[in-house]
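Just below is one structure, and these are the notes that go with it.
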Amino acid sequence: MRLLALLLLLPLMLNAATTGSKHHVRMQVDADHLALPVAVTIKGKDRAAVDARIEGIRAELEKRFKDQPGWELREISAEFAHAEVKSYASRAGNGSKLFGDDDADKGEVTYVANARWELHTEADKGLKGVEILRTKAADLVKAKNDDEKQVIGNPEYVLTNPHDYRNELLDQIKNDFEEAKKHLPEGQWTLEIAGLAQTVDVIALGGKRFEVSLAYRMAFVTPTPQKATK
């Protein structure tokens, strides 16, 4: 199909030889991992204690995944404890104030820290793998403490290394390139290809299926005219 489209576009491409024509090669692949997102929020009046609590949760998660091939913990983001952002309210004749300013004046500042992880396993472990990931994510925070919150997101299939398919996509481009050269008028045109350093794009198709693609440009170039000699 790609070759047929290429041949149909050949006259148009010859007219636009100086800029080249953009193409894509695509292939469908299966997910390689299952991922379970986990987010934790810790609040407290003592900044150091909030940071220590986040570090303790991190250590516990790492312990649950240590020396277990096929099970992986990936930290997505983490931040040090900082003063909780407050909302502004109007204060007549005096600009604006923060909700909770009175508390702040008394030194009662609340500190907050957030951290997010993805818990991974191989895609072929399916529902059993998801249940084990949920078990590994359970009970990270103190259930009866309003200053500690944990959210376990929905599991999803992911393609963690799309660039593993780059060589296969480049092989498709090479085949298109060689086929297109066969249809050039001999001695009048050369074929140039560019853009092969582009990243591999990924589109989720639903379930385990993903589409990986690579964009490139193919240009038909005429030789530089030779100046007439006396």
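For the pairs LYS63/LYS128; LYS43/LYS66; LYS43/LYS136; LYS63/LYS142; LYS45/LYS149, note any where the Cα-Cα span goes beyond 26 Å. Listed pairs above 26 Å: LYS43/LYS66. Shown for ILE76, ILE132: other C-beta atoms within 10 Å of each C-beta, ranked fewest to most, produce the order ILE76, ILE132.
If I stretch the segment between ARG217 and LYS174 completely, what's the gain in nm (0.36 nm per residue apart, minus their alpha carbon distance), one decimal?
Working: separation 43, 0.36 × 43 = 15.48 nm, distance 1.22 nm.
Using 0.36 nm per residue and subtracting the Cα-Cα distance, I get 14.3 nm.
Gyration tensor analysis over the Cα atoms of segment 120-170 returns equivalent ellipsoid semi-axes of 34, 14, 7 Å (largest first, whole Å).
The aspartates and glutamates within cross-link reach of LYS125, meaning a Cα-to-Cα straight distance under 17 Å and a gap of 8 or more places when in the same chain, are ASP30, ASP32, GLU72, GLU156.
Exposure proxy for SER213, SER77: other Cβ atoms within 10 Å of each Cβ, ordered fewest to most, give SER77, SER213.
Within the shell defined by Cβ-Cβ distances under 11 Å, the residues around ASP51 carry a net charge of 0, with Lys and Arg each +1 and Asp and Glu each -1.
Readers should treat all values here as calculations from the given coordinates under stated rules, not as data from a laboratory. In this text, all values refer to a predicted model and were calculated from it rather than measured experimentally. We place every Cβ from the backbone using ideal geometry, glycine too, and count neighbours over all the protein chains shown.
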